[in-house]
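The values are calculated or read from the model by the stated rules, or taken from the named source; none is laboratory data. No experiment lies behind these values; they were computed from the predicted model shown. Cβ sites come from the backbone with ideal geometry, for glycine too, and all protein chains shown count toward neighbours. The accessibility values were calculated without ligands, DNA or RNA, using every heavy atom of the protein model including side chains. Shrake-Rupley method; radii C 1.70, N 1.55, O 1.52, S 1.80 Å.
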Amino acid sequence: MINKETFCSKLEEKVRELNPKASVTILEAQKVNGVKTGIACKVGEEVSISKTVYYEDYMDADERFDFVDLDTLITRVAEMLLSRDGEGEHYASMFFSIKEDKDQFLMHTHVCLLNSANEGLAYCEKSERFEGLIESYYIKIESACVWVTKQMLDYLNIGVEELRDAAFANIFKKTKISGMMDVLTELTSDTEVICEDDNKFKKDPSGMYVVSNVERFRGAICAENIEKLAEYLGDDLYILPSSIHEMIAVPVHMNGDVGASMLLSMVEEVNATQVEADERLINAVYEYSKETKSYRRVA
């Protein structure tokens, strides 16, 4: 494993060597499910956005990547920090425009579920349906995302209900439910969108359904939108927090002796061995009642 102090000091030195006019800052940045050490770089006062890399993404490069030697890695990362491909400036320009326009801001606002440990990351609220999780809001511009802060909302005079209505409308219209077998065999193009005719649903041999959005990006919150799946299956549903990107729905009465405690063990094992730390939600199992249309934590 590469030493953090060595990586940061060598990278800062290499950036300044390649471009003496570069401004380099090393900072601790709050990210999803933890803090990362960032090395930010910008060249020239006219550039408002810094490019940033994180030590944690490279700390085990000698184990994960086609690693030559540390000096070569440092040079490659430094060159990337100093490169100007225009993408960052493109997104920055779009965001600065959106944050001045309330209608555009709400049009691009989305919501996702995070572990409650992330309360300090951005503006958020406790989830009413999923105990132990929070709902956090972000602006999505093509493939770039920016967390929504209280200062942004105050600046545009956006209230909580207005923000919530817009964000959930934007995310729910992209809800997608796929049978687990379809996902495993990469046949997602034939799976169904929940907001369309539920006659298109088909029962999955595994008895498990993956709930997300069409991009499978921060789509776990779409599990709030499973009413039609429960009606189609004619059963209540266990909801398993697979990751921030998706949840898994399992019919309560269609899987024999598989109960909440057994499903919790599965969630714990998957979180510990299969899910990256910054994508984990919580070790828990929830249940959706078809009759009352309500959620509760059962394990």
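Against the conditions (1) at pLDDT 90 or above; (2) over 29 Å from Asn115 (Cα atoms); (3) touching a Lys or Arg at 6+ places or on another chain (Cβ under 7 Å), where does Arg16 fall short? Just the number, please.
Here Arg16 meets the rest and fails (3).
Are there any pairs with C-beta distances below 6 angstrom linking a residue in the range 43-69 that is crowded, with 16+ Cβ neighbours inside 10 Å and part of a loop (DSSP other than H, G, I, E, B) to a residue that is modelled with pLDDT of 80 or more and charged (D, E, K, R), with the two at least 6 apart or on different chains, and if so which?
Matching pairs, first to second residue: Ser50/Lys42.
In the range 153-187, how many are outside any helix (DSSP H, G or I), closer than 22 Å to Asn118 by Cβ and among the acidic types (Asp, Glu)?
Filtering the range 153-187 down to residues outside any helix (DSSP H, G or I) leaves 157-159, 173-179, 185-187.
Narrowing the set further to residues that are closer than 22 Å to Asn118 by Cβ leaves 158.
Subset that is among the acidic types (Asp, Glu): none.
Result for the range 153-187: 0.
Restricting the range 139-152 to residues that are out of contact with any strand residue (DSSP E or B) (no Cβ under 9 Å at 6 or more places or on another chain) and either in a strand (DSSP E or B) or hydrophobic (A, V, I, L, M, F, W, C) (or both), which is least open to solvent (accessible area, probe 1.4 Å)?
Restricting to residues being out of contact with any strand residue (DSSP E or B) (no Cβ under 9 Å at 6 or more places or on another chain) and either in a strand (DSSP E or B) or hydrophobic (A, V, I, L, M, F, W, C) (or both), the top hit is Ile141.
Out of curiosity, is Ser212 in contact with an Asp or Glu (Cβ under 6 Å, 6 or more places away or on another chain), at pLDDT 90 or above, buried (at least 20 other Cβ atoms within 10 Å of the Cβ) and closer than 30 Å to Lys290 by Cβ?
Working: in contact with an Asp or Glu (Cβ under 6 Å, 6 or more places away or on another chain): yes; at pLDDT 90 or above: yes; buried (at least 20 other Cβ atoms within 10 Å of the Cβ): yes; closer than 30 Å to Lys290 by Cβ: yes.
Yes.
Based on this model, can you work out whether Glu161 counts as touching an Asp or Glu at 6+ places or on another chain (Cβ under 6 Å), open to solvent by 10 Å² or more (accessible area, probe 1.4 Å), more than 21 Å from Lys51 (Cβ to Cβ) and not hydroxyl-bearing (Ser, Thr, Tyr)? Let's see the steps before the verdict.
On the way: touching an Asp or Glu at 6+ places or on another chain (Cβ under 6 Å): no; open to solvent by 10 Å² or more (accessible area, probe 1.4 Å): yes; more than 21 Å from Lys51 (Cβ to Cβ): yes; not hydroxyl-bearing (Ser, Thr, Tyr): yes.
So Glu161 fails the test.
How about the range 110-138: which of its residues are open to solvent by less than 10 Å² (accessible area, probe 1.4 Å) and not charged (D, E, K, R)? Step through it out loud before you land on a result.
Taking the range 110-138 as the starting set, the residues that turn out to be open to solvent by less than 10 Å² (accessible area, probe 1.4 Å) are 111-114, 118, 130, 133-138.
Hits for the range 110-138 are Val111, Cys112, Leu113, Leu114, Asn118, Phe130, Leu133, Ile134, Ser136, Tyr137, Tyr138.
Could you tell me which residue of the range 164-187 is surrounded by the fewest Cβ atoms within 10 Å (Cβ to Cβ), considering only residues that are among the β-branched types (Val, Ile, Thr) and at pLDDT 90 or above? It would help to see each step written out before you state the result.
Keep residues of the range 164-187 that are among the β-branched types (Val, Ile, Thr), which gives 171, 175, 177, 183, 185.
Restricting the remaining residues to those that are at pLDDT 90 or above gives 171, 175, 177.
Details: Ile171: 21, Thr175: 24, Ile177: 23.
Only one residue tops the list, namely Ile171.
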